[in-house]
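The block underneath contains the structure these notes are about, expressed in structure tokens.
The values are calculated or read from the model by the stated rules, or taken from the named source; none is laboratory data. As the structure is a computational prediction, the values presented were derived from the model and not from experiment. No Cβ is skipped: glycine too gets one built from the backbone with ideal geometry, and neighbour counts run over all protein chains shown. These area figures cover heavy atoms from the full protein model, side chains too; ligands, DNA and RNA do not enter into them. Shrake-Rupley method; radii C 1.70, N 1.55, O 1.52, S 1.80 Å.
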Amino acid sequence: MIYLKPYKALFRIRFTNSLQYRAAAVAGLVTQFVWGFMYILAFAAFYNSNPAAFPMTLQQTVSYVWMQQAFIAVFFIWMYENSIFEAVESGQVAYEMVRPMDLYGRWFTMTTANRLSRAVLRCIPILIVAFILPEPYRLVLGGGAIKHVLFLLSMILSLCVVVSFSMLIYISAFHTVNSMGTRIVVGVAGDFFAGGYIPIPFFPDFLRTVIELSPFGAMQNMPLLIFNGYLTGNAIARGMLLQVFWIAVLVLAGRLWMRRSLKKVIVQGG
């Protein structure tokens, strides 16, 4: 427990500081509302033409979209911790390397705290509006308490998968002059395959199977499909076990890569 105290303090500080950026949160809310309505109206138009052509009902898709927008800070890869990239590219990371704290754990804690604080600021207004909208655009809870507990557990696991995957992108900055290209390409492609723009069940069968077994299938795909009722029973258990598997793999890969990268890092300047 003593070993965890610095990380708890760091988490509390980063979480509290991020809560102060209310103006950015309001701007983000407007964006989420616009994108949410746009997605739902687009899907509704397709459903009106042939509802049987889709693997999910319109209500399930609506729930998927609203929960995705409410917790976008938890699910989307592209919401990086920019201060980490700035520290690597400016050489300030040298100061972090001499601190009595594991660098991987420090970055993981910072990223987790910032994502959660952004989600707290944005999710409540979005959920309130989504619950009072008229049908079929309303967010419906449905299911029982067990389903919602499983959703919360899967969302925590999803956050860990996303953060551990983001850590690989942070570490890649040690090997590039400018990391902007990497984070844009990986962020956009990763969110696409994670179901950020089109739910994974909508993908062709051959591609869907591959994605579901990849780390992208263990991100927002799992908690959102649990919440909207698409996944039930053994499918939920298998999906959550897959999330745990990818957390272990990504954290191990990230730690090994960071250890190797720090041995070769050179900070220029004076």
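One line per residue, one yes/no per condition, for (1) at pLDDT below 95; (2) within 20 Å of the chain's Cα centre (by Cα):
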| site | (1), (2) |
| --- | --- |
| 228 | yes, yes |
| 253 | no, yes |
| 262 | yes, no |
| 266 | yes, no |
In the stretch 225-261, the residues that are within 29 Å of residue 176 (Cβ to Cβ), of a type in the set (A, V, I, L, M) and open to solvent by less than 50 Å² (accessible area, probe 1.4 Å): 247, 250, 251, 253, 258
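Here is a yes/no grid of residues against (1) surrounded by 15 or more Cβ atoms within 10 Å (Cβ to Cβ); (2) closer than 30 Å to residue 9 by Cα:
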{"position": "82", "(1), (2)": "no, yes"}
{"position": "85", "(1), (2)": "yes, yes"}
{"position": "125", "(1), (2)": "yes, yes"}
{"position": "154", "(1), (2)": "yes, yes"}
{"position": "179", "(1), (2)": "yes, yes"}
{"position": "189", "(1), (2)": "no, no"}
Sole exception among (1) part of a helix (DSSP H, G or I); (2) without any contact (Cβ under 8 Å) to a residue 40 or more places away in the chain for residue 198, by number: (1)
Matching option when the condition is at pLDDT 90 or above and open to solvent by less than 40 Å² (accessible area, probe 1.4 Å), among 68, 59: 68
Selection within the stretch 81-99 - small (Gly, Ala, Ser) and not in a helix (DSSP H, G or I): 91
Flag if residue 171 is buried (at least 17 other Cβ atoms within 10 Å of the Cβ) and either assigned to a helix (DSSP H, G or I) or modelled with pLDDT under 85 (or both): yes
Those residues of the stretch 202-224 which are open to solvent by 20 Å² or more (accessible area, probe 1.4 Å) and over 13 Å from residue 246 (Cα atoms), in sequence order: 202, 204, 205, 206, 207, 208, 209, 210
